[in-house]
1. Would you mind getting me the FRET efficiency between F31 and K67? Use the beta-carbon distance for r and R0 = 22 Å, nearest 0.05.
2. To the nearest 10 degrees, how steep is helix 4-18 against the longest Cα principal axis of the chain, on a 0 to 90 scale?
3. Which entry in (1) 3, 15, 27, 23, 14, 10, 6, 2, 0; (2) 3, 11, 13, 17, 17, 13, 12, 7, 4, 2, 1, 0; (3) 3, 14, 27, 25, 18, 11, 3, 0 is this structure's computed P(r) over Cα pairs in 5 Å bins from 0, in percent?
4. At most 16 other Cβ atoms within 10 Å and a DSSP loop assignment: could you name the GluC sites (Glu not before Pro) in the chain that fit?
Amino acid sequence: MIPGVMSQGFLVAMIHHWAPSASIINIDTVFRAPVMADESHTISGVVTDIDPDAGTVEIDLTVANTKQETRVFGTATIGLKAGAD
């Protein structure tokens, strides 16, 4: 079983892979079921809100197994610098 903080770390890594210069303002996760180390998982994010004036983006986050069962979900608010990815 993967500890919850490691699952959250995977989500943060996914955000920084998408936007390397982003700053994580807030991340809120719900650990719905164990993430098993010997199973494949998909880590995904969907932009749900953009505030161009504040330079922030809201993202819905999900960790799902190969059966499409959501194991971890949550939201993150990230700050993007002008000219960032």
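1. The computed FRET efficiency comes out at 0.80.
2. Helix 4-18 and the main axis of the chain meet at about 40 degrees.
3. (1)
4. In loop regions of the chain (DSSP not H, G, I, E or B), the sparsely surrounded GluC sites (Glu not before Pro) are E39, E69.
Quick note: the coordinates plus some simple rules give every number you see, no bench work behind them. Bear in mind that the values here come from a model prediction, so they are computed numbers and not experimental data. Don't worry about glycine lacking a Cβ; one is built from the backbone with ideal geometry, like all the others, and counts go over all protein chains shown.
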